[in-house]
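Some notes on the structure that comes next.
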Amino acid sequence: MTIRLVILGRQGSGKGTQGARLAVHYQIAHISTGEMLRNAIKHDTPVGRVVKDTIDQGRLVDDELIASLIKGRLGETDARTRGYLLDGFPRTLPQVKALDEITRTRPLNVVIDLEVPRALVIERLSVRLASEHRADDSPTAVEQRLALYDEQTAPLIAHYRRQGVLAVVDGVGTPDEVFARAVSAIAAATGVTGSGGDGQVSR
């Protein structure tokens with residue numbers, strides 16, 4: 001079967017790391033909206049120019065713009081035929097509704113909520129800020145994004161729980177421990193354990 005996943009979690013929860021590992025494990029497309037937007041800014045595309053100030057200030061990018069980018073990406077061959085993992089989308093209820101519409105004919109299999117306490121993600125982001133000096137990890141931007149997550153993204157968890165596709169995964173521990181929990185949660189929801197050498201998922 002084709003695996004279609006969403007991974008949710010606060011900034012600094014490790015969802016980028018786990019998303020990349022899961023995408024390799026299942027041999028599916030890892031679609032990171034943050035990476036898409038940073039690349040757009042780096043290459044000074046029209047989209048990049050629109051979102052640069054927004055990201056620098058720690059605010060969320062316009063829902064319709066993001067949904068349009070995601071719809072186009074999910075329509076590409078690899079995502080349609082092999083599956084995908086969405087990292088960074090959806091983040092708001094309007095984005096959820098847009099994704100529900102986009103995936104109407106090919107629904108999501110499971111939505112992982114990578115649960116990490118707020119205090120721990122702040123500690124992780126402080127370390128990253130000191131080492132990487134990323135504009136979207138300034139102390140003010142970090143606080144703004146965590147507040148936005150609690151206000152706008154957390155209600156997504158309730159939405160997906162109602163849909164019966166939510167799997168809460170403890171994000172505290174080593175990367176290997178968290179990865180193992182995520183794989184177990186996906187297996188419990190889908191019956192799929194991983195991908196064989198031929199690229200076909202195994203049960």
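Any read-out appearing in this document is the output of simple, stated calculations on the displayed coordinates, not a laboratory observation. Please read all numbers here as calculations on a predicted model, not as lab measurements. Note: ideal-geometry Cβ built from the backbone for every residue, glycine included; neighbour counts use all protein chains shown.
Using the membrane-span-like helix rule (whole DSSP H runs, Cα extent along the own axis of at least 24 Å, mean Kyte-Doolittle hydropathy at least 0.0), which helices of the chain qualify?
Flagged H segments: there are none.
When the helix-only estimate is applied to the chain (DSSP H runs of n ≥ 4, each -39,500 (n - 2.57), divided by the residue count), what is the mean residue ellipticity at 222 nm, nearest 500 deg cm²/dmol?
Dividing the helical sum by the residues of the chain leaves -16500 deg cm²/dmol.
In the chain, if the dipole is taken from +1 on Lys/Arg beta carbons and -1 on Asp/Glu beta carbons about the Cα centre, which of 182, 46, 194 is farthest to the positive end?
194
Report the net charge of residues surrounding residue 75, where surrounding means a beta-carbon distance below 15 angstrom and charges are Lys +1, Arg +1, Asp -1, Glu -1.
That sum, taken over residues with Cβ under 15 Å, equals +4.
What do you get for Rg/Rh over region 3-202 if you use C-alpha atoms and the Kirkwood form of Rh?
Using only Cα positions, Rg/Rh for region 3-202 is 0.94.
Note down the relative contact order for the chain as a percent, whole number, built from C-alpha pairs under 8 angstrom at least six residues apart.
31 percent
Mind giving me the FRET efficiency for residue 102 and residue 143? R0 is 41 Å, r the Cβ-Cβ distance, nearest 0.05 is fine.
0.85
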